[in-house]
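Working notes, structure below.
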Amino acid sequence: MALAAKSPTKPDFKVPSLCEASPEYAALIARREGLFAQKATTEKEIAGLIKALRTVPPAERHSKAVAELVGDHISQSEPPRPSRERLNELQQHLNAIDKATRVVDVLISLSATSPTLPTNYTLFRRIGSMKTNGSAQWTLFVQSGDEFLWAVAVQDLSTSGSALYGPTLSVPTGVSVWALHSILINNAITTDSAIVYAQVAENDPGAINAFQRAVTQQVTAISVNGGWLQTRTDTSATIRIRVGLAATTVIVGTRGWIDRRGRDN
C-alpha cells in the first residue's frame, strides 16, 4: 500500500521592511543612529562646559595657548580649563551632526494636520492624500502636480425633496481642497436652477440669484442639464448646493480634486 507524502506547510507571506529589502538603507539608518549617539554625547559636553564657564573665575577662562602667550603658569596636573574655543568647536560639531541626520522619510497617517511622528523626527509636510476601499486597497488615481483625478469618477449624490443640499464628496478630509465635480438637475414639471457654493468661504445666499447660477434646466419636460464645476470644500469634504424647487432631482459626481498640499501654510 503506497502512502501519500504530506505536503509541507507553506510559509506565511511576509513583506520585508525597508532595511531588509535594501542594505544601503539599513546602513544609512545605522549611521544615523550612530550620529544621534554622538549628538547626545556632544550636547552633554556642551551643557557641562557652559556650566563650568559660569562658575570658573574670568581669569581662568582661557585655553593653554592663551596662557602660554600671556605668561601664566600652566600646571600639568590640573584639569583643563573650560574655554570659549572648546565650546565653539563642540557647537560646530553639533551643527555638522544636525546636517548629517536630516534624513527624509515617508509616513502614512490618518491625521492630515497632526500625525504621530517617529522618534527623532520633528518636521513634517503633507504631500498628498489617499483613500482605501473595503478591501484595504488604495483607490486608483492619477496625479499631475496639485491635480488628482480618480481613475473612475464617483457619484456622491442623487436625491430630491429639499431646496438645500450639503453633499460629502469623494475628496480628502481634514483639509480644504478644490473639488472637481459635476452637477446635474432634472425636473419634469417646470424649469429650475441651481447654485453651488463653498461653505468654508461663502454664505448661503438663501435664494437663486441669476449671476450665481451654475445650472439652469430648460422648460421642456424631462429636460436634464448639468456641467463640470470646481468648488472649494470644507475640512469634511462637503460643499453646498441650493435649488429653486424642492422637487428637483440633483445628481453630483466627483472626478477628483486640486490640493495645494501645505505649500501655502
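Here are some notes:
- Scan region 115-139 for residues that are closer than 16 Å to R263 by Cα and hydroxyl-bearing (S, T, Y) and the total you get is 1.
- Residue check, L157 part of a loop (DSSP other than H, G, I, E, B) and either among the aliphatic types (A, V, I, L, M) or within 30 Å of L35 (Cα to Cα) (or both): no
- Failed item, numbered, when N203 is tested on (1) open to solvent by less than 90 Å² (accessible area, probe 1.4 Å); (2) of a type in the set (S, T, N, Q); (3) at pLDDT below 85: (1)
- Selection over region 96-133 of residues that are in contact with a strand residue (DSSP E or B) (Cβ under 8 Å, 6 or more places away or on another chain) and charged (D, E, K, R) gives a count of 1.
- Checked against the criterion of being modelled with pLDDT under 70 and not in a loop (DSSP other than H, G, I, E, B), the candidates E68, E78, E85 yield just one match: E68.
- Matching option when the condition is in a loop (DSSP other than H, G, I, E, B) and within 24 Å of L35 (Cβ to Cβ), among T190, T122, T173: T122
- Qualifying residue in region 138-148 (condition: hydrophobic (A, V, I, L, M, F, W, C), open to solvent by less than 50 Å² (accessible area, probe 1.4 Å) and within 17 Å of I251 (Cβ to Cβ)): no
- Taken as a whole, the structure places D204 among residues that are assigned to a loop (DSSP other than H, G, I, E, B), more than 20 Å from the chain's Cα centre (by Cα) and of a type in the set (D, E).
- Restricting attention to region 172-192, the residues that are open to solvent by less than 10 Å² (accessible area, probe 1.4 Å) and among the small types (G, A, S) add up to 1.
The values are calculated or read from the model by the stated rules, or taken from the named source; none is laboratory data. Note that the structure is a prediction, hence the values are computed from the model and not measured. Note: ideal-geometry Cβ built from the backbone for every residue, glycine included; neighbour counts use all protein chains shown. Please note that ligands, DNA and RNA were not included when accessible areas were found on the heavy atoms of the full protein model with its side chains. Shrake-Rupley method; radii C 1.70, N 1.55, O 1.52, S 1.80 Å.
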